[in-house]
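Worksheet: one structure, shown below.
Coordinate-derived values only; no laboratory data. The structure presented is a predicted model; accordingly, all values stated were derived computationally and were not measured. All Cβ positions, glycine included, derive from the backbone under ideal geometry; neighbour counts span all protein chains shown.
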């Protein structure tokens, strides 16, 4: 999905939020702002939002400094989700259709997202209740179940820290082995290796990183090793908006699981903000 | 009040909204976006938000075309407010303190604002109820009443169409003659001469325009005639956020009446979004 015009105010906001989270002083914030404005002016119009986001986060690293500004926020999200974990697991196992409930829980966890603004108060239990009761706005579950039955292995592209715990509940119910893919370096509150281990994903999956510190999955920016596994994968579960933005046209092996949290993605999918989506990717572009 | 860092995402959004309202096609919208990004990058850091907004609206006029894109929106706001007018007038005249109620009604009308986003659903009666009951977050009413008693004439700087009708209720209760100042050309949904006449302001005040098509009141951009009247005025009532942004430091003759509708102004005033404010301007800058 290429960036829409309405993404641009959000890019500027993201640059300011990322600079602030990285501890930028006033003059560093102005520098990040100006470089972002300059970059946005000249950027390729066919770029996806995470491609542009990648440059924004590079500017912040260059102007403010390296490190993982979201490390505490991520630890808090993981800890909160781990407190919920026993009950979440019970909810799935006691359900008439455990897999359906676990898919929904994994989508519920996608509400955790610090890329959207300054909101730090995700009401996780309310979100769980809503997502368990809500109809799918896009429902490719039949194709999803079909692919699950045929696959010998699933590549599971993680999104945010904390959401990882919700993914774990789903992965525990899958009969097929899962390779859980995290980011190669810190970007926003996206899970890196340590975040996935802290959430216990090492107990249910092989964890690898994609070699890239970008939002979503920009395949050509990832490590050779990841690109090879991506190319060979029979089935790919891609969590969250960033992975939708980068992989919505990556072909029918890819299933995007997400909550619609921004108006631009809502328009692209044709469903309102708040929708829950399980969508098989189309084929128009192999991967971006 | 100079523009803050957090104004910049909003400037980009305003450029896109103004282009859309002016009927821009996709390529014109991209052109407006790019020119806005370029302009923002190089703009004077001490500029007020309306000074930057003025350049945005100039870009839209150059790229998309002249005219008054908000003409229908303004007519609808005026018509809705005129339907409320008899009851508003009654509410003030029947009150124990008619002037206090009329001041609050004038502030309630400030909720009408198409510069903030795509919201077109102002719940005017609910706003009236809220503002009548709400304590002032900044309350310079004593100085305001004092100035009213001493002034031989009041310069009343209008804000948006529709809000004009709420101003009319206040002006009818003032014993001192009022000069009602509208914009010299269309910008957002700010009232121009025709809008003020449609709202019946010609029945209660002398209407003049300030010679400028800018948000707020950027005195040095206004006509010589207006600048002269502004310089001589004993008391100036300045409605809305744009006039706060441009005149909050224009000296104690100026009284800003507004609702706080954006987080940046909330921070500048030190009061939360949703506050109602009657604030005497400080003196640090004579006028911007």
Nearest 10 degrees, 0 to 90: helix B:124-133 Cα axis against chain B principal axis:
50 degrees
Counting other beta carbons within 10 Å of each residue's own, what order do B:254, A:178 fall into, fewest first?
A:178, B:254
What would the Debye equation give as log₁₀ I(q)/I(0) for the protein assembly as shown at q = 0.05, 0.09, 0.11 Å⁻¹, counting only Cα atoms as equal point scatterers?
-0.27, -0.77, -0.99
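Find the Rg to Rh ratio for chain B, where Rh is the Kirkwood radius over alpha-carbon pairs and Rg uses the same atoms.
That ratio is 0.95, to two decimals.
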Could you tell me the convex hull volume per residue, in Å³, taken over the Cα atoms of region A:7-64?
64 Å³
Taking r as the C-beta separation of residue A:133 and residue B:203 and R0 as 60 Å, the FRET efficiency to the nearest 0.05 is 0.60
What's the angle, to the nearest 10 degrees (0 to 90), between helix B:98-108's Cα axis and the longest principal axis of chain B?
10 degrees
Mind running the shape call on region A:187-237? Use the C-alpha gyration tensor, a ≥ b ≥ c as the square roots of the eigenvalues: rounded below 1.5 for a/c, prolate if a/b tops b/c, oblate otherwise.
oblate
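Can you run the Rg to Rh ratio on region B:40-129? Use alpha carbon positions and the Kirkwood inverse-distance Rh.
Rg/Rh: 1.11.
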Please average, across the residues of A:33-45, the number of beta carbons from any other chain that are within 10 Å of each residue's own beta carbon, and give a whole number.
4
Put in order of increasing Cβ neighbours within 10 Å, starting from the fewest, A:247, A:40 give A:40, A:247
Chain B: relative contact order from alpha carbon pairs under 8 Å, six or more residues apart, as a whole percent, is 19 percent
Take the Cα radius of gyration of region A:129-193 and divide it by 2.2 N^0.38 Å, with N its residue count; two decimals is plenty.
1.27
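Neighbouring Cβ atoms within 10 Å as the yardstick, rank A:74, B:271 fewest first.
Numbers: A:74 27, B:271 17.
Ordered from fewest to most neighbouring Cβ atoms within 10 Å, A:74, B:271 come out as B:271, A:74.
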at residue A:143 the sorted inter-copy label distances (label 7 Å from Cα on Cβ side), in nanometres, are 6.5
Run through the other copies and list how far each one's label point is from that of residue B:125, in nm with one decimal, shortest first; the point sits 7 Å from Cα along Cα-Cβ.
3.8
I'd like the distance between the alpha-carbon centres of region A:70-109 and region A:117-168, rounded to an integer number of Å.
9 Å
Compute the long axis of helix A:163-173 from its Cα atoms, compare it with the longest principal axis of the Cα atoms of chain A, and write down the angle in degrees, 0 to 90, nearest 10.
20 degrees
Along Cα-to-Cβ, 7 Å out, sits the label point; list in nm, shortest first, how far the one on residue A:26 is from those in the other copies.
4.3
